[in-house]
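Data block below; observations after.
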Amino acid sequence: EADLREAVQKQQFLLHYQPQVVGLGRITGVEALVRWQHPQRGMVSPAEFIPLAEESSLILALGQWVLETACLQLTAWADQPALCHLSVSVNVSARQFNQPDFATSVLDVLQRTGARANRLKLELTESLLVNDMAGVVAKMSHLKAQGISFSLDDFGTGYSSLSYLKQLPLDQLKIDQSFVCDVLTDPNDASIARMVIALGRSMGLEVIAEGVETQAQHDFLLAEGCHAFQGYLFGRPMPCDAFEQRSG
C-alpha cells in the first residue's frame, strides 16, 4: 500500500488502450486500462493493485488521474483525422462514483482538458447500484445531459436486476468475458449471451462483447445480433503510440 501511495504521488501509472470495434473490425473506440510501471518490479498487473486501491482511498486519486489522462488523450486525438471519431471508455469504481461531487468533478475535467463530452464513455459496474438508486440515476442523468454516455460493465455477473436496469439512463451493456469465453461449448453461457443481446435490443441499448479471442466466438455473437466487440482477436491493450501507429 505504501508503494501504491508513492506511485500515485509520483505518477508511475500509464494508460493502455484496447480497441473496441463494430461489425467485422472497424475501430470505433478504445477502453482506457491503467498499468503500473513499478521502478523495481516492472509492469504490475491491475489484478494486483486495483483491489488494494479499492480497499484504501487511493482509488479516488487513481481514478481521477485515469479520467484526466484519458480526456487529455481525447483532446489530442480530436485534431487527428484518423482518430477524431474515437470514443474512450473509462472505468469508474463504486467508491469513486459515490463521491458527492463526482458529477461535478467529471465536468470539471472535461472543461479543463477540452475533451468532447460525447466522446467519453463511463463504464460502471453493477456493484455501485446496490444502494441509493435515485442518487445513481440523478448523477447519470446530469452527466448524460452533457453528452457523456454510459456502459454497464460485467453485466450478469453480480446484482443483475431488471427492475434497476429499466431505471438507468444507459447506452450500452457489456457481455462479460466469463460468458464469452465458453460461449461455443457451454449452452448456459450461450443462453446468457443471447439473453443480454436480446435484452439490449429490446431496450434500445448497444451491446458489446468483451474477451472475444477467436473468430468462431465473433461469428457466433455476430450471428446472434451483437455488433460491437473487444478482445485479443481485435487487439490487446497497447500503449498510446502503438495504438496510433496501428490506426493512423
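One quarter of the surface of the convex hull around the alpha-carbon atoms of region 111-201 equals 6.8 nm², the direction-averaged projected area.
When DSSP beta bridges are limited to those with both residues in region 1-90, what percentage is antiparallel, rounded to the nearest 5? Around 75 percent of the beta bridges assigned by DSSP in region 1-90 are antiparallel ones. log₁₀ I(q)/I(0) of region 94-155 at q = 0.16, 0.26, 0.30 Å⁻¹, via Debye over equal Cα point scatterers, no solvent, to two decimals? Taking Cα atoms of region 94-155 as identical point scatterers yields -0.49, -1.24, -1.47. Dipole magnitude for the chain: about 660 debye, using +1 per Lys or Arg Cβ and -1 per Asp or Glu Cβ, origin at the Cα centre.
Here residue 174 is the anchor, and the lysines within straight C-alpha reach of less than 26 Å, apart from those fewer than 8 places off in the same chain, are 121, 139, 144, 166. A simple packing score, the average count of other Cβ atoms within 10 Å per residue, orders the peptides 92-103, 58-69 as 58-69, 92-103, with the highest score first. Take the convex hull of the alpha carbons in region 189-233; its mean projected area over all directions comes to 2.7 nm².
The stretch between residue 222 and residue 78, if pulled fully straight at 0.36 nm per residue, gains 48.8 nm over its current Cα-Cα span.
Of the solvent-accessible surface of region 43-146, computed with a 1.4 Å probe over protein heavy atoms with every protein chain present, carbon and sulfur atoms account for 54 percent.
Potential lengthening of the chain between residue 1 and residue 203 amounts to 68.5 nm, from the contour at 0.36 nm per residue minus the alpha-carbon distance. Within the chain, the selection of entire DSSP H helices by a Cα span of 27 Å or greater along the long axis and an average Kyte-Doolittle value of at least -0.5 returns 58-77. Of all DSSP bridge pairs formed entirely within the chain, close to 45 percent run antiparallel. Over the chain, consider all pairs of different Cα atoms and compute the Kirkwood hydrodynamic radius from their mean reciprocal separation; express it in Å, one decimal. Evaluated over the chain, this radius sits at 18.7 Å.
Computed over all pairs of different Cα atoms, the Kirkwood value for the hydrodynamic radius of region 7-132 is 15.5 Å. Equivalent ellipsoid of region 1-65: semi-axes from √(5λ) of the C-alpha gyration tensor, largest first, are 27, 13, 10 Å. Accessible surface area normalised per residue over region 90-136 is 44 Å², counting heavy atoms of protein chains with a 1.4 Å rolling probe. Modelled this way, with points 7 Å down the Cα-to-C-beta line, the labels at residue 162 and residue 24 are 3.6 nm from one another. Karplus-based coupling profile of region 119-129, in residue order and whole Hz: 9, 9, 10, 9, 9, 9, 9, 4, 4, 7, 8, with θ = phi - 60° in 6.51 cos²θ - 1.76 cosθ + 1.60 and x standing for Gly or Pro.
The residues of region 148-248 present an accessible area of 46 Å² per residue when probed at 1.4 Å with all protein chains retained. Report summary: the helix-based calculation at 222 nm, which adds -39500 (n - 2.57) for every DSSP H run with n ≥ 4 and divides by the residues of the chain, gives -12500 deg cm²/dmol. In this structure, the amide hydrogen of residue 20, modeled 1.01 Å from its nitrogen in the peptide plane, lies closer than 5 angstrom to those of 28, 29, 30, 31, counting only residues at least 5 positions away or on a different chain.
The values are calculated or read from the model by the stated rules, or taken from the named source; none is laboratory data. No experiment lies behind these values; they were computed from the predicted model shown. Glycine gets a Cβ as well: all are built from the backbone with ideal geometry, and neighbour counts include every protein chain shown. Areas reflect the complete protein model, heavy atoms only, side chains present, ligands, DNA and RNA absent. Shrake-Rupley method; radii C 1.70, N 1.55, O 1.52, S 1.80 Å.
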